[in-house]
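Enquirer: I'd like to ask you about the structure that follows.
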Amino acid sequence: MRSSQESLATALAPSLRLPFCYLFAALAAFLVLNLLFVIERGGFSSSFFRQGQVMALAHLAALGWITMTAMGAMFQLIPVVLEVPLWSERLGQVQFWVYLVGVLGFVGSLWSLRFTWAPLFAFVLFLALSQFLLNLGMTLVGVRRWDWTGYHIVAALLYLAATAFLGLLLALNLGTGFLGPQVLGFLKGHVYLAVWGWVSLLIVGVSYKLLPMFALSHGYSEGAGKASFVVGNLGVLGLFFGFILGDGEGIWLLASSLLLFLAILLYAVQTYLILKSRRRKLDVALYHSGAAILYLLAAAVLGILSSLGLLPTGFQFYYTYAYLGLMGWISLFIVGQMYKIVPFLAWFHKYSHKVGLEPVPLMKDMFDERLAMAQFYLMNLGILGTSLAFLVNNGRAVGVFGFLVLLGAVIFIYNMVTAYRR
Amino acid sequence: MEALKKVYDPEVGLNIVDLGLIYDVQIEGGKVGVKMTLTTPSCPLHESLVKGAERTIQALPGVAQARVELVWEPAWNPDMMSEEARRHLGRG
Ligand code: HEM
């Protein structure tokens, strides 16, 4: 009995190197992203968003920071959470380099406006993501006990496949224009599948495991979360087909937007229930998650107001919307969870085998918690300010508040490096 | 039991006894058998805590053999924490 338990745990977790490659590359991307954001601030206010530098920043965030972290964390967490070993650690290691070349090349060609190069690197990205999907797919085949987190993960991976395929088409279109006027529909479809389908469903699914675990929550009902999953999938698929097949107007899109809005509300209710039944004070990670969900709600309200035609159209609004989604919701959530994942991995590696033999540090001793809270407030000030600055189209204010976020990012990365070395 | 209070759940910052993770301790001569659980089956700290408990007992004088068994029935819930643990966490 005991020996089988032990070998299970040992066999399941991959080596430290695999997740850390991804996580530290992602941290580097986050830093560069925030730096370029401050440098580029003027460019946002003067132009339409389908522009080289903006697309480059969007993908440095989406692929270099967000998807990179997601992959590193999944290699580490899926085996533990779903109780299956990773199919191939080697493939994960090879994929890292292919993916890195893809991200650097793709973002570089967009940033420098060398659009003829973009399809080539888009193809490299497509290759790397296919390796990832193969690896995870083969891993998931071995899962014996499915739960709602598992369903979320499978759905997210399917959306990632579709996102990558659409991304490839869009990149080919950059050089050739073969999609014609339909390109806007494809672009919107790509963005919704990526942001809600892939990233958000993953975060949502994983948060149903991690939030109760960290908050020691028990005995809450799970209905809202399950309903959110069903309604959200209908909403995002509705939006996707509406954009691809139609011209982006009409009752169909409105209905789909309402479904997505409802899904977000239900998710917020579910996390509220989880946090309400907690048996612990909120810590750094939970503060980040809570704030992230508030930004998600803010983005959802903007989105639904726009679908109802209650907001003026204009690129300022799109920027605010995208920024709230990518920085407020997704990035803040990731930053919070990194405060759990990186110290845990470092602790596990260094101290796990010393438990019971000598005193070992606690997880929260792995970094300076007060510094982390300072970073939390700084980043929130920056994110709120930047969102408002976009709304009133003030490039200088975007730069100033963007700088606060950059400072926050520096502190955050400092904390991660400390945790890694302690 | 007192000795096991030296084994901390590094995430929560509490020892495994006050957290209510130790269900049963049986002592027969030099053999010690412990039944313990974890707060959730997908707890990534699995190995560290179980082995940590085992090493701790093994190191006690007069213990020849320590066996820690991980059990999931009954499932842990926060009411199993001690008074002290609840006070420490700040939310009973
Ligand atoms: C193989 C991977 C991917 C490729 C090749 C790719 C390619 C592209 C291209 C070429 C565009 C611009 C289309 C146009 O305006 O003509 C675009 C837009 C966009 N993509 Fe991706 N994409 C990929 C993955 C992702 C992922 C995973 C995300 C999010 C998590 C994402 C988020 C976005 C966003 C937000 C935009 C709109 C930005 C803007 O128009 O400035 N993409 N993508």
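The values are calculated or read from the model by the stated rules, or taken from the named source; none is laboratory data. These figures come from a predicted structure and were not determined experimentally. Note that each Cβ is placed from the backbone with ideal geometry, even for glycine, and that neighbours are counted across all protein chains shown. Areas reflect the complete protein model, heavy atoms only, side chains present, ligands, DNA and RNA absent. Shrake-Rupley method; radii C 1.70, N 1.55, O 1.52, S 1.80 Å.
Enquirer: Would you point out the residue of the stretch A:188-211, among those that are within 16 Å of the ligand (Cβ to nearest atom) and among the hydroxyl-bearing types (Ser, Thr, Tyr), that is nearest to A:Tyr272 (Cα to Cα)?
Expert: Out of the qualifying residues, it is A:Ser200.
Enquirer: Among the residues of the stretch A:351-391 satisfying the criterion of being among the charged types (D, E, K, R) and in contact with a Pro (Cβ under 9 Å, 6 or more places away or on another chain), which is nearest to the other protein chains (Cβ to nearest Cβ)?
Expert: Per the stated criteria, the residue is A:Lys364.
Enquirer: Still on this structure, I have one more. Can you tell me which residue within the stretch B:55-84, out of those that are in contact (Cβ under 8 Å) with a residue 40 or more places away in the chain and under 13 Å from the mean Cα position of the chain (by Cα), is farthest from the other protein chains (Cβ to nearest Cβ)?
Expert: B:Ser82
Enquirer: OK, next. Quick test of your reading of the structure: A:Phe214 fulfils all but one of (1) within 16 Å of the ligand (Cβ to nearest atom); (2) within 21 Å of A:Ile341 (Cα to Cα). Name the failing condition by number.
Expert: (1)
Enquirer: Against the condition over 19 Å from A:Val124 (Cα atoms), open to solvent by less than 10 Å² (accessible area, probe 1.4 Å) and either within 14 Å of another protein chain (Cβ to nearest Cβ) or within 16 Å of the ligand (Cβ to nearest atom) (or both), how does A:Val84 come out, does it pass?
Expert: Answer is yes for this residue.
Enquirer: Within the stretch A:207-221, identify whether any single residue is at pLDDT 95 or above and not assigned by TED's automatic domain parsing to the domain that holds A:Trp329, and answer yes or no.
Expert: no
Enquirer: Shifting gears a bit: Taking the stretch A:277-309 as the region of interest, how many residues are farther than 19 Å from A:Phe333 by Cβ, open to solvent by 30 Å² or more (accessible area, probe 1.4 Å) and in a helix (DSSP H, G or I)?
Expert: Counting residues in the stretch A:277-309 that are farther than 19 Å from A:Phe333 by Cβ, open to solvent by 30 Å² or more (accessible area, probe 1.4 Å) and in a helix (DSSP H, G or I) gives 3.
Enquirer: Considering each residue of the stretch A:169-189, count those that are within 17 Å of A:Phe123 (Cβ to Cβ) and among the polar types (S, T, N, Q), and give that number.
Expert: 2
Enquirer: Another question, then. Do you know which residues across the stretch A:243-272 are closer than 21 Å to A:Tyr208 by Cβ, open to solvent by less than 50 Å² (accessible area, probe 1.4 Å) and either of a type in the set (Ser, Thr, Tyr) or over 23 Å from the mean Cα position of the chain (by Cα) (or both)?
Expert: A:Tyr267, A:Thr271
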